[in-house]
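Asks: Next up is a structure, given as structure tokens.
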């Protein structure tokens with residue numbers, strides 16, 4: 001086995017998250033079951049070899065006791081392993097979720113949502129399945145060691161004959177499994193592509209339904225081709241794995257035949273010894289089958305673990321400590337960008353223009369409009385301001401303190417945001433109790449959503465809403481956090497005139513009156529005159545323009 005594969009298997013064991021005490025107890029019960037089974041073999045062999053004289057009055061009682069012990073200990077071992085598997089899956093999934101949340105946003109974006117989802121589902125299942133096999137390999141390996149010790153006691157020459165077949169079988173099996181593992185790895189890569197196409201199906205079905213030519217190309221060129229490739233690779237991997245298992249099983253029976261019909265003629269062997277060897281080898285068949293059948297699961301687990309590590313997620317050894325949002329009434333702070341530039345990482349020189357350098361100060365309580373054409377860098381600058389992107393060069397300061405990797409998590413807690421692609425959670429997530437619950441109910445009515453849904457136990461009764469209504473519900477969640485800074489990315493773009501007017505004429509002035517600093521990305525030039533300052537981006541370069549807007553007729557404003 002290659003060193004890197006060996007290291008990956010060690011990593012599978014290192015990532016075992018279930019309690020070690022339960023694992024040790026399960027292993028001890030498994031060893032007891034193995035010892036009981038080996039005792040039964042020896043007892044049967046002694047009885048067969050000695051005939052009626054080989055058994056005494058205590059033999060039936062001993063036999064019954066060993067059967068009961070084997071049944072109870074094996075049941076305890078399997079039951080514990082089942083609980084361990086579920087516990088390990090839970091801990092591994094939580095650990096992976098923590099690693100994702102510890103990882104910078106730009107790196108998650110480079111991974112792609114389909115790869116992250118595949119890691120959280122298929123890869124976690126494969127790693128846990130492999131880790132579940134590892135204790136079985138230990139227990140079954142102990143049974144094999146006990147059986148070989150018994151064979152050595154019976155006859156060393158015949159043991160050497162058996163070991164030859166075992167070594168030959170393991171080497172040939174491992175060669176075949178290496179080929180199967182290679183195809184499993186290729187199938188796993190194809191699985192990522194399939195997740196991407198399935199996501200396109202669930203999110204782009206409207207476009208596909210409206211254009212038959214595009215739909216046909218998607219089904220045939222994308223989905224069907226990738227699904228067929230995955231099917232073929234998995235079929236090839238499974239066929240090789242099955243052939244390897246069948247080869248090992250056949251070799252096992254060849255070994256028995258060779259002992260009975262060849263070795264017995266070459267080496268003078270008593271009949272009792274031949275019976276003992278036959279029984280012991282038949283007993284070994286079970287543990288060997290478990291080991292050989294477990295190797296494909298370990299191979300898949302290694303491939304899955306490598307896929308998870310290829311995402312380059314941050315470690316979960318030092319999880320982010322809970323950071324409270326600044327309390328209401330805290331001293332307003334100045335936000336400053338000094339020489340800040342940003343270029344999307346991993347894109348190279350031709351991967352898009354950098355934005356910046358930016359040198360500006362946002363004073364407490366200001367209402368800033370950030371404008372510019374599509375692709376000018378507004379959202380990227382917003383993500384830098386929010387602390388989701390770290391500047392490529394330059395520095396961000398809040399209240400005169402420089403934002404670094406060490407305090408960026410605490411810095412982010414100063415902001416509430418509704419981004420253009422904000423995800424709408426189906427609950428208030430920590431803001432559903434006490435005064436915040438009452439505030440949520442009031443906002444629900446103000447945003448005219450109370451006839452569409454209700455809040456029950458901190459959860460929304462539904463989020464099956466129109467695009468504009470979903471944005472209003474996201475606005476409700478952002479307002480509950482009551483941060484000193486608010487950022488809205490094209491929030492009003494999906495609203496009808498009534499709520500657009502409400503946003504600019506009522507909500508933003510209200511936040512400003514409460515001392516909040518508000519940054520709004522907008523194209524609504526009719527409302528530019530309501531801001532304190534207007535920062536305009538053109539191809540990544542910033543200039544400050546005077547707020548202006550034509551005189552507007554009276555508009556309906558929510559009361």
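The values are calculated or read from the model by the stated rules, or taken from the named source; none is laboratory data. Quick caveat, the model's predicted, so the values are computed rather than measured. Please note: Cβ atoms are built from the backbone with ideal geometry, for glycine as well, and neighbour counts cover all protein chains shown.
Asks: In region 403-428, how many are surrounded by fewer than 15 Cβ atoms within 10 Å (Cβ to Cβ) and either free of Cβ contacts under 8 Å to residues at least 12 places away in the same chain or more than 26 Å from the chain's Cα centre (by Cα) (or both)?
Replies: Summing the residues that are surrounded by fewer than 15 Cβ atoms within 10 Å (Cβ to Cβ) and either free of Cβ contacts under 8 Å to residues at least 12 places away in the same chain or more than 26 Å from the chain's Cα centre (by Cα) (or both) in region 403-428 gives 5.
Asks: In region 364-394, what residues are surrounded by 19 or more Cβ atoms within 10 Å (Cβ to Cβ) and assigned to a strand (DSSP E or B)?
Replies: Within region 364-394, 367, 368, 369, 370, 371, 372 qualify.
Asks: Also: Residue 167 fails exactly one of the following numbered conditions: (1) touching a helix residue (DSSP H, G or I) at 6+ places or on another chain (Cβ under 9 Å); (2) free of Cβ contacts under 8 Å to residues at least 12 places away in the same chain; (3) more than 28 Å from residue 88 (Cβ to Cβ). What is the number of that condition?
Replies: (1)
Asks: Condition (residue is part of a loop (DSSP other than H, G, I, E, B), at pLDDT 85 or above and more than 21 Å from residue 484 (Cβ to Cβ)) applied to region 409-419: is it met by at least one residue?
Replies: no
Asks: I would also like to ask the following. Can you go through 137, 158, 120, 198 and tell me which one is modelled with pLDDT of 85 or more and in contact with a helix residue (DSSP H, G or I) (Cβ under 9 Å, 6 or more places away or on another chain)?
Replies: 198 is the lone residue from the list that is modelled with pLDDT of 85 or more and in contact with a helix residue (DSSP H, G or I) (Cβ under 9 Å, 6 or more places away or on another chain).
Asks: Using the structure shown, decide if residue 295 is modelled with pLDDT under 80, within 30 Å of residue 183 (Cα to Cα) and in contact with a helix residue (DSSP H, G or I) (Cβ under 8 Å, 6 or more places away or on another chain).
Replies: It is true that residue 295 is modelled with pLDDT under 80, within 30 Å of residue 183 (Cα to Cα) and in contact with a helix residue (DSSP H, G or I) (Cβ under 8 Å, 6 or more places away or on another chain).
Asks: Another question, then. If a residue must be surrounded by fewer than 12 Cβ atoms within 10 Å (Cβ to Cβ) and in a helix (DSSP H, G or I), how many such residues does region 254-285 contain?
Replies: Number of matching residues: 6.
Asks: Return the only residue of 303, 262, 242 being assigned by TED's automatic domain parsing to the domain that holds residue 119 and in contact (Cβ under 8 Å) with a residue 60 or more places away in the chain.
Replies: Step by step, each of 303, 262, 242 is checked, and only 303 is assigned by TED's automatic domain parsing to the domain that holds residue 119 and in contact (Cβ under 8 Å) with a residue 60 or more places away in the chain.
Asks: State all residues of region 490-506 that are within 34 Å of the chain's Cα centre (by Cα) and assigned to a loop (DSSP other than H, G, I, E, B); if no residue qualifies, say none.
Replies: Scanning region 490-506 gives a single hit, 490.
Asks: Answer yes or no as to whether residue 99 is in the same structural domain as residue 31 (by TED's automatic domain parsing) and out of contact with any helix residue (DSSP H, G or I) (no Cβ under 9 Å at 6 or more places or on another chain).
Replies: No: the conditions fail for residue 99.
Asks: Would you confirm, using the coordinates I've provided, whether residue 435 is assigned to a helix (DSSP H, G or I), exposed (fewer than 15 other Cβ atoms within 10 Å of the Cβ) and at negative phi? Steps first, answer last, please.
Replies: Values: assigned to a helix (DSSP H, G or I): yes; exposed (fewer than 15 other Cβ atoms within 10 Å of the Cβ): yes; at negative phi: yes.
It is true that residue 435 is assigned to a helix (DSSP H, G or I), exposed (fewer than 15 other Cβ atoms within 10 Å of the Cβ) and at negative phi.
Asks: Follow-up. Assess whether residue 95 counts as being modelled with pLDDT of 85 or more and within 26 Å of residue 299 (Cβ to Cβ).
Replies: No; evaluated as a whole, the condition is false for this residue.
Asks: For residue 487, are the conditions met, namely being modelled with pLDDT of 90 or more, under 23 Å from residue 444 (Cα atoms) and not in a helix (DSSP H, G or I)? Walk me through how you get there before you give the answer.
Replies: Working: modelled with pLDDT of 90 or more: yes; under 23 Å from residue 444 (Cα atoms): yes; not in a helix (DSSP H, G or I): yes.
Yes.
Asks: Taking the condition of being under 9 Å from the mean Cα position of the chain (by Cα) and at positive phi, how many residues in region 76-135 meet it?
Replies: Going through region 76-135 one residue at a time, the tally reaches 0.
Asks: Buried (at least 17 other Cβ atoms within 10 Å of the Cβ), out of contact with any strand residue (DSSP E or B) (no Cβ under 9 Å at 6 or more places or on another chain), modelled with pLDDT under 80 and not assigned by TED's automatic domain parsing to the domain that holds residue 409 - does that describe any residue in region 50-68?
Replies: no
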